[in-house]
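Report on one structure; see the data block that follows.
The values are calculated or read from the model by the stated rules, or taken from the named source; none is laboratory data. No experiment lies behind these values; they were computed from the predicted model shown. Heads up, the Cβs are rebuilt from the backbone with ideal geometry, glycines too, and the neighbour counts pull from every protein chain shown. Protein only, heavy atoms only, side chains kept; ligands, DNA and RNA dropped before computing areas. Shrake-Rupley method; radii C 1.70, N 1.55, O 1.52, S 1.80 Å.
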Amino acid sequence: MEKNKTGKYFKYAIGEIVLVVIGILIALSINNWSETQKNKQQELVTLENILQDLQNDKIGLKNIIERRTSKSTSAEIMLSYYDGVKIDALTDYYFNWTNVLYWEAHYPRNIAFKELVNSGNVSIIKNANIRNSLLDNNTSYEKLFIIREHMYDDYALYLYNPYSGIIDYGDGIKVWSNPNIKIELSEEDVNEALKNKTIKNGFTLASFNNILLKEQLIKILNTVDLTINLIEKQINK
């Protein structure tokens, strides 16, 4: 200090502090960049898994939509018999009867997104359109399950229970599996079933509910298609 070096030491100290601060800022910047890249990679992997689930789900949706269409058609044919239309062959009655009563249900392939929801990490998907589309799809499936549950109750009350003491289920399954099969079918059982108003009401509800489920499934399929397109664009960026 006696040699007037105070200013020089002070400047040196300030320079050291500045260098340390710059070093810290660079380290933080590198760390943030690294964390951002890690999150992007994690998001990419998640989106690819969700995309695979959606593509599989799309196949299942198309199949069940086709089956719901077939069931509603068979239910309408069965109703026509109850309204006086002549049954050309007993196999027609047995086939359409079994086609309606055979219970089929589609369950979504949404493992990756469900895990994301359960972990509370939905925010990892940065694209709001993708995120909202996936959430909308979940909501649509919840509505579908409610309709389907109600439909099963109707089947049990109006079709399964009344038919169980009238028609031989084994014969129906054989005809449904092979419409050209040659087996002896009971015209007496069919005539008894045709007199049952509960069963007729069951086919009315089956037609209505299968159409309702079909419409809900088509809505879900459209959302799935939209989400697939959004995810593919995001992945290919």
Check on Ser177, of a type in the set (Gly, Ala, Ser) and more than 30 Å from Thr91 (Cα to Cα) = no
Can you tell me which residues in segment 73-84 are modelled with pLDDT under 95 and either touching a Ser or Thr at 6+ places or on another chain (Cβ under 6 Å) or open to solvent by 60 Å² or more (accessible area, probe 1.4 Å) (or both)?
-> Asp83, Gly84
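Among the residues of segment 102-150 satisfying the criterion of being of a type in the set (A, V, I, L, M) and open to solvent by 70 Å² or more (accessible area, probe 1.4 Å), which is farthest from Ile59 (Cα to Cα)?
The initial filter retains those residues of segment 102-150 that are of a type in the set (A, V, I, L, M), namely 105, 111-112, 116-117, 122, 124-125, 128, 130, 134-135, 144, 146-147.
Still in the list and also open to solvent by 70 Å² or more (accessible area, probe 1.4 Å): 111, 135, 146.
Values: Ile111: 16, Leu135: 20, Ile146: 22 Å.
In this case the residue turns out to be Ile146.
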Any residue in segment 221-234 that is at pLDDT below 95, not in a helix (DSSP H, G or I) and not basic (Lys, Arg)?
-> no
